[in-house]
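Step one of this worksheet: look at the structure below.
Coordinate-derived values only; no laboratory data. Quick caveat, the model's predicted, so the values are computed rather than measured. Glycine gets a Cβ as well: all are built from the backbone with ideal geometry, and neighbour counts include every protein chain shown.
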Amino acid sequence: MKKGFTLLEVVVVIVIITILSLIGVNSVNTFRQEAVMDSTVNEFVALLKTAKNKSMAGEIPEGRDTDKFSTDGLPIYGVEVKSGTYYLTRSYIYDGISVTECQTPEGTWLNDCSTFLVVPSELSITPGVVVFSRISGTTTHNNFNIEKISGGIGRNIEILPDGMIKTTDI
């Protein structure tokens, strides 16, 4: 009797190992995609909550004299999404001049809103703007979808008129 494995037995073992490896790689890839999605959604929702809180708190820009704001020109905060980027915005009327600024990821306020928080390249986000009212934090009803470009997974972020934020899978 010969000892060892036949060619058929070796091929079967290699096929089984290959199938198990492919299943493992696919699971890791799916987990990574969901982690990127979850991270992006959490970051976006946090920015929405920051805008709402700043509007409700009546936050005044540093270095600005409160007497120079018109009564209807106190700062309101929101989030704007366009071209794969999103950012915190504030608008106000100061000393008779209408001002709109955007906050950089480092926390600096600028008039140029061209480069800010970038959506990962494998995801897309619905363009739009949401602005929260001063004191009450209310807004108009808005929806933003963050989706994997190649399909498969996505989240809907719904901002209700009372300022509440809901996320659901799509």
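Distant-in-sequence amide contacts of Leu123, defined by a placed amide H-H separation under 5 Å and a gap of 5 or more residues or a different chain, comprise Ile149. Region 91-149 and region 1-78 have Cα centres lying 20 Å from one another. Here's how it looks for Leu117: its modeled amide H is under 5 Å from those of Tyr86, which are all 5 or more places away or on a different chain.
Taking N as the number of residues in the chain, what value does Rg over Cα atoms divided by 2.2 N^0.38 Å take?
Numbers: Rg = 24.6 Å, N = 170, 2.2 N^0.38 = 15.5 Å.
Its radius of gyration relative to the 2.2 N^0.38 Å reference: 1.59.
Restricting region 66-128 to GluC sites (Glu not before Pro) that sit in a DSSP loop and have at most 16 other Cβ atoms within 10 Å of their own Cβ leaves Glu106, Glu122. Computed over the alpha carbons of region 10-84, Rg followed by Dmax gives 25.1, 84 Å.
Per-residue 3J(HN,Hα) values for region 40-50, derived from phi via the Karplus relation 6.51 cos²θ - 1.76 cosθ + 1.60 with θ = phi - 60°, read 5, 4, 4, 5, 5, 5, 4, 5, 4, 5, 4 Hz in sequence order (x marks Gly and Pro). Within a straight-line Cα-Cα reach of under 20 Å, Lys52 can be paired with the following lysines, leaving aside sequence neighbours fewer than 8 residues apart in one chain: Lys82, Lys166.
Backbone geometry of region 82-97 corresponds, through the Karplus equation with coefficients 6.51, -1.76 and 1.60 at θ = phi - 60°, to 3J(HN,Hα) couplings of 7, 6, x, 10, 8, 7, 7, 10, 9, 10, 7, 10, 10, 6, x, 10 Hz, x marking Gly and Pro.
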